[in-house]
Structures are given as structure tokens and as C-alpha cells.
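Notes to accompany the following structure.
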Amino acid sequence: MKRIAVLTSGGDAPGMNAAIRAVVRCAAYHDIKCLGVAQGYEGLIDGIFRKIEVRDVGSIIQRGGTVLRTSRSERFLTEEGRKKARQQCDDRNIDGLIVIGGDGSFRGAWELQKMGLPVVGIPATIDNDVNGTDMTIGFDTALNTALDAVRRLRDTAHSHDKLFIVEVMGRHCGFIALQTAVAGGAEFAVLPEIPFDIGALCKKLKASRLSGKNYSLIILAEGVMSGYELQKKLAEQAPGYKATVTVLGHIQRGGAPSSYDATIATRMGAYAVNCLLEGKHGVMTGLVNGHMTPVPLPNTWEVKKRLNPELLELVKELSI
Ligand SMILES: Nc1ncnc2c1ncn2[C@@H]1O[C@H](COP(=O)(O)OP(=O)(O)OP(=O)(O)O)[C@@H](O)[C@H]1O
Ligand SMILES: O=P(O)(O)OC[C@H]1O[C@](O)(CO)[C@@H](O)[C@@H]1O
Ligand SMILES: [Mg+2]
């Protein structure tokens, strides 16, 4: 193994830079040259590579976003695009590619692996929707950002006897919403994994009010509906409940990684290089019960990662 490349793909996530730094430094430790690919699969198709050395990744461990930049690439979804990308790697004698991203990025990585390029994936997405790893890089930081917002909203909700709907990210999954609801002490979590029941929500809000509680927080994952749609449904079903909507949006994707994210990113970055060195490829660097584990890439999306049933129960039991 003489020369590897690294890219970031999909939505950015706090800790991606810490992972890039670890890849570059671990590669240098083993005397392997490292090239950075700009803008994910877009840059791979267009051949935008540049050498990155140990000093180039100085002081990025604490920065949010990704210094390599990222993209969602339509062209990479086509065979023609992927062939071009594969050829760009051949032209530069790349022995292995490290893909830092989420489930979609791993599907793309697997296509390259099938075309004969050794690939290792590092799970980095605020969504945490990657099977085979306890946590993805960025999830913990995004949670803390959402929790901070919810705590602020709780202050004003309590002071003004208000009902708040807080819309958080999660197009297809409710990890951020569920854990924010648990840690933020919300009354209700509306999640893509659980069929939405407006009747149950209204019942809960009424019971809460009857028991003397004058304010409430509902955490809604964007994938179910928008905060404004939920506000409208509530107004129709329970006219006594006028909700105020806060959409957290892309704020959840930025910021310095938490200590947890910077640590797992560093471990995963180094582990990815070691996987390539040991001939383990077509895998993701999974964190399983605290241990770094090579997980076959298809397992990361073929099995849907489940929400923690204990947390689901806790939201129901404690929000009275
Ligand atoms: N089935 C697939 N085959 C080939 N490439 C894919 C496939 N699915 C996704 N990709 C590539 O990976 C890119 C990133 O995927 P996606 O937009 O789903 O983000 P992600 O990696 O899941 O991260 P996040 O969910 O955090 O935004 C896509 O834009 C596309 O180029
Ligand atoms: O606006 P963009 O970049 O398409 O990203 C939005 C999506 O990306 C994610 O934040 C994951 O990165 C999803 O939760 C969200 O739906
Ligand atoms: Mg994804």
C-alpha cells in the first residue's frame, strides 16, 4: 500500500475533519502517501485530487464542516460517472480509497469496491442511521446542538405557558428527534419509524394540561412532516392548542465536534488506514460496544438500524 485517497460525501458532519486528520497522519506514520479528493464523488469523477501532508491537517481537529468539501453527486449515480471516477483512481495509482460519509455514500463506495478498488468507509452523518455502528461521527454534536435549543425553548415555553413544536433533522430516521426528546424532557416525539397518531398526541396534551402543566414541547423529525403542517393539524384537531414552531435546520450540521465525536473520528480515521494495510476492505469502521470492528459495507444499509426501544418507552413513561 503506497498511495491512498480520502473523500467526504453526503451531508457534512462535525468530526469529519478530525477523521481526515487521523487518516492523513496514520498514513504518514506508515509511510503511505495520501491524496485528498475535493467535493466527494463530484471531485472523484472530475479528478480533483491534491496531496495532503501532515502539516496540512494541523489545527483542523476542532473545526466543523469538512476541509475537503462535500457533495451529493447525481453523476455518481450513473454507471458512466462511476467508471470515470474509477479511471481517475487508476490514473493516479490509488491503492485504496477512504470514504467518509453516510449510508448513501457507502452504497457508492460499494460500487467502487465491486469495480476492484479497495474501499473503507468511515460512518459520518448527523442522522446516525448507519447500521453496524453504535454511533456515527457528528451525531453526538448535533444532538447537543438540538438539546441546547430545546433547553432555551423550554425556558420561554415555561414562562409564557406555550406549546412548542421543534422540528429537527432526520429525513428517514428519528435518532436525533428521539434522543433530543429524552434528554430535553419533551412531552412527545414524532418519528418516521412510528406511525403518527394525532389523536394520541391530543390526548397526551390534554392530560398534561389537566394535571397542571401549562407548557409542552413536541420534538418532530422533519421526515414525518414539517413543523408548520403539524401546527395546522393540531389547530384543526384541538383548537385550544396553538403551537409555536421552531425549525432548527442546518444549524444542527455545523459547529465544533464534541469530545465524543472528535474521539471516535480520530479512532475511526486511524482504523480505516489500518484496515487497508491489513487487506480488510469493502468494510466500514464500525464502533461496536466500544470496539473498532470491520463491518461489511452492505450490512450498513441492508439492515435498517433500529431506534432504542428503551428510549421510546422512556419518552412515553416520563412525559406526564
Ligand atoms: N445507490 C447508490 N449508488 C451509487 N452512489 C450512491 C448511491 N446512493 C448514494 N450514492 C452517492 O452518495 C452520495 C451521498 O449520499 P446521500 O446524499 O444519501 O448522503 P449520505 O452519505 O447518506 O449522508 P447524509 O445522509 O448524512 O447526508 C450521493 O449523492 C450519491 O452520489
Ligand atoms: O439540505 P441538504 O444538504 O440536502 O441536507 C438535508 C438532509 O441531510 C441530513 O442532514 C443529513 O446530513 C438529513 O437529516 C437532512 O434531511
Ligand atoms: Mg444518509
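The values are calculated or read from the model by the stated rules, or taken from the named source; none is laboratory data. Given the structure is predicted, the values throughout are model-derived calculations rather than measurements. Every residue, glycine among them, receives a Cβ derived from its backbone with ideal geometry; neighbour counts consider all protein chains shown. Just so you know, the surface numbers come from the protein's heavy atoms only, side chains and all, with ligands and any DNA or RNA stripped out. Shrake-Rupley method; radii C 1.70, N 1.55, O 1.52, S 1.80 Å.
Tell me the residue from Val166, Val130 that is crowded, with 24+ Cβ neighbours inside 10 Å, assigned to a loop (DSSP other than H, G, I, E, B) and among the aliphatic types (A, V, I, L, M), please.
So the residue among Val166, Val130 that is crowded, with 24+ Cβ neighbours inside 10 Å, assigned to a loop (DSSP other than H, G, I, E, B) and among the aliphatic types (A, V, I, L, M) is Val130.
Would you mind listing the strands (runs of 3 or more DSSP E) fully within the range 1-84 where at least 3 residues are modelled with pLDDT of 95 or more and open to solvent by less than 50 Å² (accessible area, probe 1.4 Å)?
Output list reads 3-8, 33-37.
Check Val120 against each of (1) within 20 Å of the chain's Cα centre (by Cα); (2) not in a strand (DSSP E or B) and name the one condition it does not meet.
Answer for Val120: the failing condition is (2).
For the structure I just gave you, tell me whether Ile219 is of a type in the set (Val, Ile, Thr) and crowded, with 16+ Cβ neighbours inside 10 Å.
Taking the combined requirement at face value, the residue satisfies it.
Give the residue that is surrounded by the most Cβ atoms within 10 Å (Cβ to Cβ), with candidates limited to residues of the range 295-315 that are out of contact with any Phe, Trp or Tyr (no Cβ under 9 Å at 6 or more places or on another chain) and of a type in the set (Lys, Arg).
Lys304
If the Cβ limit is 6 Å and pairs must be 6+ apart or interchain, which residue in the range 62-75 that is touching a residue at least 60 places away in the same chain (Cβ under 8 Å) pairs with which residue that is aromatic (Phe, Trp, Tyr)?
Listed pairs, sorted by first residue: Ser73/Tyr41.
Can you tell me how many residues within the range 71-90 are of a type outside the set (A, V, I, L, M) and within 16 Å of ligand 2 (Cβ to nearest atom)?
5
Return the residues of the range 85-112 that are open to solvent by 60 Å² or more (accessible area, probe 1.4 Å) and near ligand 1 (Cβ under 9 Å from one of its atoms); say none if nothing qualifies.
Of everything in the range 85-112, those that are open to solvent by 60 Å² or more (accessible area, probe 1.4 Å) and near ligand 1 (Cβ under 9 Å from one of its atoms) turn out to be Arg107, Trp110.
Could you check the range 278-294 and list, in sequence order, the residues that are assigned to a loop (DSSP other than H, G, I, E, B) and open to solvent by less than 10 Å² (accessible area, probe 1.4 Å)?
Gly282
So which of Ala124, Ala186, Ala157, Ala149 is open to solvent by less than 30 Å² (accessible area, probe 1.4 Å), in contact (Cβ under 8 Å) with a residue 40 or more places away in the chain and within 14 Å of ligand 1 (Cβ to nearest atom)?
Ala124
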